[in-house]
Structures are given as structure tokens and as C-alpha cells.
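This report refers to the structure that appears directly beneath it.
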2 protein chains.
Amino acid sequence: MSFDRVTIVGPGLIGGSLGLALKAKKLVGHVVGVGRREASLRAALAVGAIDSWTLDLAKGVQEADWVVLATRVGLVCELGIRAIPAMKSGAILSDVGSTKAEIVAMIEPHVRPDVHFVAMHPLAGSERRGVEAANAALFAGSVCVLTPTPRSNVKSLETVSAVWRALGAQVATMSPAAHDLILAQVSHLPHLTAACLLSAIGDDALPYGAGGLRSATRIAAGDPELWMDIFRSNRRNLLETIERLEKVLEDVRGFLSVGDDAALLAMLKSAQQKRQSLEAGAPEAQTPRTLPKAARPRGRKGR
Amino acid sequence: MSFDRVTIVGPGLIGGSLGLALKAKKLVGHVVGVGRREASLRAALAVGAIDSWTLDLAKGVQEADWVVLATRVGLVCELGIRAIPAMKSGAILSDVGSTKAEIVAMIEPHVRPDVHFVAMHPLAGSERRGVEAANAALFAGSVCVLTPTPRSNVKSLETVSAVWRALGAQVATMSPAAHDLILAQVSHLPHLTAACLLSAIGDDALPYGAGGLRSATRIAAGDPELWMDIFRSNRRNLLETIERLEKVLEDVRGFLSVGDDAALLAMLKSAQQKRQSLEAGAPEAQTPRTLPKAARPRGRKGR
């Protein structure tokens, strides 16, 4: 489950960290970086995330055993469709997009029978961007979600799973639709809520924000354009989760209005328990958690 | 502006940190701890936050130059009203409650003419509780809000301000009502929102929460009973800020529904800017920020 040659299209925070991690674990012979800006690629080379680079997508992917699209969501489909005709027979194509249904639906019809598409989403990252923030340990203790379809090649899926496990990640497998509904809840809604919270705070009040507010809104420092891509791509699920949050806020406002302290306290206690189940600590202190049974990787047993 | 004797009623995270900080800066001769549970007071003594302790409130406060009520909000008024008759003439009474209007309105009528009440709120803390989490540097780089009324004694206000500045805090002065409206926005609403966010996340999705969700909901790990006190005490302002957030969420849902990406992007960009103005970093990395002019301490100029 090592690769002679991996090409990372867009070696930024995630792609760059993948390059560093693969090299640190000696899972790859050579990493090629492909991008649009020479400066970014030179930066990726300087930190050791890639071994060589090119601005030419077709040239960059043609010898790769694994091509990983690590650009922002809005560019993944176009680059994937352009890369496929240039890839060598038997190679694996993956992306690390934060949404999966749209990307899989767009790319899959273009996949050649001899190229294997394994859509994935490593649940790691930060509000920082660029290869300067990349690090080889980013995925240790994290979860990587793979979203195969009936067309997916089982052997390639297993290869990619094994690589992520070798990088210290837990692998979960589910449908693209299930992924997007889950991520709307645990990632996209929290991001949007942090931004809304800041919008609701008056400019006079903001300077009095302390550690709690800083922590609660840290993710809102993330790149707005990048998040717009994600929100656009997961619009329907996000709308549903916003409505769910609005319902909870309406309930809470009701409890406060009528003085139903018992109901409010019960909600706070339940939220505290949910928070405790997330296991406190910085991302680097993450330990693998128990994932719901349905989401455990397929094909691990009895093979 | 040092004290011979300070009594801290409820030496937990905030009260204990105050004891440690006063002692570290040599601003106090002796710190007495008053509490309801012997074990907590022994713990405070063990970490050096207090020098002696008693379970008897009257006995504990009678020789103090500064009595600081550092219990949860729901107990502050009762303890303050019970402490006043036992205090010595010329002493200062303060509290560190997270809400101010109710506390000031309840305590002020009971204050003797020869005892000076200085209500305050150090904007520091964490989701942790108890004197075990206390540290002498908790207030360095933080802001402490004082909320005087026309009845407040200017000299005592200045003494308390000077002490907080000596502990490394910036001092802001405003009315109890202004404080409560600001804190509803930068503290109480974020806490409630973090809890609501967790409520809106399905149990199946929760295990996929990564660093972003952990950070966004960290404050929801705080003690529910303690927060209920705060919400109860600042009910009206909190209701207003919840409505404000609901309005923002409704707008955002509208932008998403009709595909008004420009409006959503503008909101995200404005939130990102607001977040940047909060200055990223852990609480211990806080540097004093520029507070709005109206909130700067009174009585510093021309005295």
C-alpha cells in the first residue's frame, strides 16, 4: 500500500500535509505538486511537501499512481475531469473535498474504466490556509471518511484506507449523501453559526469578548470564499440544519420567556454531556473515537 | 492600594486566582477564605490561594479591608447582604458576578454608609471550575469591568481599579445595565448558542466532530447550574440577543435559499473581520485591546 508516485493538485494545508505525512511514513517514492501559482508550489517544495512541481496538470498526473485533488471544493470537479484523460491505466484518483455528493456525481461519469475514483474527506484542518501551515502529523488521531458508490473499485478503496490508517487516521466509509448530511451538522453549521454569532454582536460589545468568545468563533476566521464553495455545494443539507438550530433557539427563547428553568437546565446538561463525548483537548491531542457501527469501514472483515 | 486583609468568599477558579494573584504581587498581607465546604477551603489553602479559612461568614469578613464575593451568581446577593453587618467600618465589598444589574440592585440598599460597595466583573475564566484550575496569571491581559452607581465611593472605586491594573488587567467602567447588555452579547449568547448547536447535532453525526466543532463548543462544557444562574439573572438582555441571532440566521437561510451568494459572502467576510479584531490566540496570549472610549475608566484624568 505504498505508491511510487503521488501527485497532489493544490498542495496547501491539506494537500501539503498529506505529502509531508506520506513522506514521513515512507509511503511514497516521489510527490509531484501541481498548481496554478509558481510561488505556492515553490513554497510546498521548500517545506518538503512535494519533490517536484509543474503548472501543467496533464503532465503532472500522467505518471502518478495516486492523484489527489486538494484544491478548494469549487475547483475539484473541473480539475478532476481534466486530469482523468491524462492519467495512467490502473491509477487511483481521489479528492479531499469537504462535500462529497456533488463532487462524486460530477466526476464519476467521467471516470475511465481503468482509473479508480476514491472520494475522500480527511476530517482535519484548521482556520489557517496554505502549505506554511501544513504538518506531517495533521491526520494522526483524525478520521478520514471515504464515500464509495456501487461503481467504486474495492481494491483501490482498500489501498486508500490502508494509507490513511498508516498515517494514523481512523477510516469511516459511508455514502456521499450520508457524509454531506453529517458534515452539515458537525462542520458547516458550526462555521456558519460562528459567523452569525459575530454578526449578532454589536461593535461596541465586541472588544469585551474574552477567551470563550474567541474559542467559539475561531472557525469564523477561515477563508470566506473557501467556505462559500462548501455552503453552495451542500446547500440543501445546510438549510435543513439551520432550521434545526433555529428550532432549538426558539425553544430556548420560549423556556427563558416563560421562566421554564427546568427545561433550559435540562438542555444545558444534555449539551454538556454531548460536549464531553467529543473529548476535550486540542486537535493534536485527539485520540481515535468510537465511530457509529454503520460507519465503520466496509470490507475489513472476512477478507 | 494594597490591603492588610482580604476575604474571599468562595475561593474557586476566580476567587482562588485572585488570592494567588494578590499574593504573587504582594498586594495583600493575609487572605481569608470563606466557604460552605471544608474540603474546598482546604484545597484553596493547599494551592496557596488563601492563608486561613473559616466556614463562618461573619467571622471571616469582620477584619477584612476588602471582601470579595466570588460564588456563583445565584448566591452573591444573599451572602453580600449577610456579610455587610459584620464588616468593619471603611471596608470595601465587591463581587465578581457575571451579571451586574440584579446584584447591584439587590445589594446596594443594604450597604451601610461606612462600607463601600464596588461591583466588578473580571472577564477571565474558563469552562473549568474550582480552585485546582486557579492561577496567579489568570487576569494578566484581561479586562475587569467595574459597574459603579451614583452611590459609589470614588476613592474605593479607584483603589479597586488600581489593584486590577496592578494584576495586569485593563479596567473598564460602565453602568450595571450597560455591562449586562454587553455581556449578553459576548458571553451569555455565545454560551447558549454553543449548547444549542450541540442540541441541533444528531447523535450519529457527533462522533465526526473535529477540531472546529470542539473549539466552537468548548464553552458548553461549563457547569450548567452556574450558567442557569447567569441566564436567569440576565434574562431580558439574553432574550433580545437570541432574537438578534435568530434574525441573522433567518437572513442567512434566505440568502442560501434564493442563491444570493454575494450577500452570504459579504456576511462571512464581515464576520471574518470581526473575528480578526478579537485577536486570535489563547487567553494567556491576550494583549490589552483598545476598549471603546465610553467604557474607559472614569476618574483617571485630572485627579
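The amide H of B:Val171, built 1.01 Å from its N in the peptide plane, has B:Cys144 as neighbours under 5 Å, considering only residues 5 or more places off or on other chains. Structural size metrics of the stretch B:179-278, computed from C-alpha coordinates, are Rg and Dmax of 15.2, 42 Å.
Plainly put, the tip 7 Å out from Cα toward Cβ on B:Gly202 is 4.0 nm from that tip on each other copy, the closest given first. Here's the list of lysines a cross-link from B:Lys100 could span, going by alpha-carbon distance under 23 Å and ignoring same-chain residues fewer than 8 apart: B:Lys155, B:Lys293.
Mean sequence separation of contacting Cα pairs (under 8 Å, at least six apart), scaled by the length of chain B, corresponds to a relative contact order of 17 percent.
Per-residue Karplus couplings for the stretch B:259-265, computed as 6.51 cos²θ - 1.76 cosθ + 1.60 with θ equal to phi - 60°, are listed in order as x, 7, 5, 4, 5, 5, 4 Hz, Gly and Pro entered as x.
Whole-Hz Karplus values for the stretch B:58-70 come out as 4, 5, x, 9, 5, 9, 6, 7, 9, 9, 10, 8, 10 Hz, taken residue by residue from phi with 6.51 cos²θ - 1.76 cosθ + 1.60 and θ = phi - 60°; glycine and proline positions read x. As a proxy for reagent exposure, B:Thr7, A:Thr99, B:Thr149 were ordered by neighbouring Cβ count within 10 angstrom, fewest first; the result is B:Thr149, A:Thr99, B:Thr7.
Approximating the spin labels as points 7 Å out from Cα along Cα→Cβ, the A:Ala177-to-A:Ala263 distance works out to 3.4 nm.
Label point of B:Ala262 (7 Å along Cα→beta-carbon): distances to the other copies' equivalent points are 5.3 nm, sorted ascending. Cross-link pairs exceeding 31 Å between alpha carbons, from the set B:Lys23/B:Lys274; A:Lys23/A:Lys59; A:Lys269/B:Lys25; B:Lys25/B:Lys269; B:Lys26/B:Lys274: B:Lys23/B:Lys274; A:Lys269/B:Lys25; B:Lys25/B:Lys269; B:Lys26/B:Lys274.
Grab the beta carbon distance between A:Glu250 and A:Asn135, set R0 = 41 Å, and tell me the FRET efficiency rounded to 0.05. Efficiency at R0 = 41 Å is approximately 0.45. Summary of the geometry: the stretch A:46-122 and the stretch B:1-46, compared by the centres of their Cα atoms, lie 61 Å apart.
Amide H contacts of B:Val9 (H built 1.01 Å from N, in plane; Pro and chain starts excluded): B:Val34, B:Val68, B:Leu69, B:Ala70 sit under 5 Å, all sequence-distant by 5 or more or on other chains.
Available extension along the chain between B:Asp4 and B:Arg112 is 36.7 nm, counting 0.36 nm per residue and deducting the alpha carbon span. Of B:Thr193, A:Thr173, B:Thr241, the sequence from fewest to most neighbouring Cβ atoms within 10 angstrom is A:Thr173, B:Thr241, B:Thr193. Taking all Cα pairs closer than 8 Å and separated by 6 or more residues, the relative contact order of the stretch B:179-278 comes to 34 percent. For B:His110, B:His121, the sequence from fewest to most other C-beta atoms within 10 Å is B:His110, B:His121. Summary for B:Lys88: label point 7 Å along Cα→Cβ; distances to the equivalent points in the other copies, ascending, 8.7 nm. Here the spin labels are modelled as points 7 Å beyond Cα on the Cα-Cβ line, and at A:Glu243 and B:Asp223 they lie 4.0 nm apart.
Since every read-out is calculated from the coordinates, none of them should be taken as a lab result. Being a predicted model, the structure only gives us computed values, none of them experimental. All Cβ positions, even for glycine, are placed from backbone atoms using ideal geometry, and neighbour counts span all protein chains on display.
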